[in-house]
Amino acid sequence: MRVNKLNSEGCFDPIPIVTFTNLSNEKKAEKNSVFKPFVYICSNYSGNTGRDVKKTRDFCSFAIRKNYIPLASYMLFSKLLDTDNPIKRELAMILLGKCSELWVFGSTISKAMAEEIAKAKKLKLLIRYFNENLEEVDIL
């Protein structure tokens, strides 16, 4: 488990390190089961949107099983805004900034996915790539 050494303003904060290192193994396991970081789900949403929504549900279920809280922007905003709405893209990028990781699913990278990957790199988030079978790969 990684400990974030920076506070919300990006300054070094020694308190989480001291707290984390003083926990017993039992308490670490308990803390690990309670803490669930946000992960941004980056997947294709074009063409057959019904199929894409089903796949994204599977990707989100996979993240939950891995003890993460998944955020898939088009699952949250698709009913509220048009697909190419700039407000939706802005909200997606804000959500991405709240996550600790970006998980990229599938073998096709759409324009929107490329924007999310570029933003995650700018934010220095951990980016992980997965194939359609939910197996982690080096890069697609």
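Taken together, the values in this text are just the output of simple stated rules run on the coordinates, not laboratory data. Note that this is a predicted model, so its numbers are computed, not measured. With ideal geometry, Cβ positions are generated from the backbone for all residues, glycine too; neighbour counts draw on all protein chains shown.
Could you tally the net charge around residue 38, taking each other residue with its Cβ under 13 Å from the Cβ of residue 38, Lys/Arg +1 and Asp/Glu -1?
Spelling it out: positives minus negatives among the neighbours equals +2.
Calculate the spin-label point distance for residue 76 paired with residue 123, positioning each point 7 Å from the Cα along the beta-carbon direction, and give it in nanometres.
Calculated label separation equals 0.9 nm.
For residue 68, what residues show an amide H to amide H distance below 5 Å, using hydrogens built from the backbone and excluding near sequence neighbours?
none
Distance cut-off 25 Å, Cα to Cα: go down the list 88/111; 55/111; 55/88; 88/121; 88/124; 55/124 and report the pairs above it.
Listed pairs above 25 Å: 55/124.
With r as the distance between the Cβ atoms of residue 90 and residue 9 and R0 = 22 Å, compute the FRET efficiency 1/(1 + (r/R0)^6) and round to 0.05.
Calculated transfer efficiency: 0.50.
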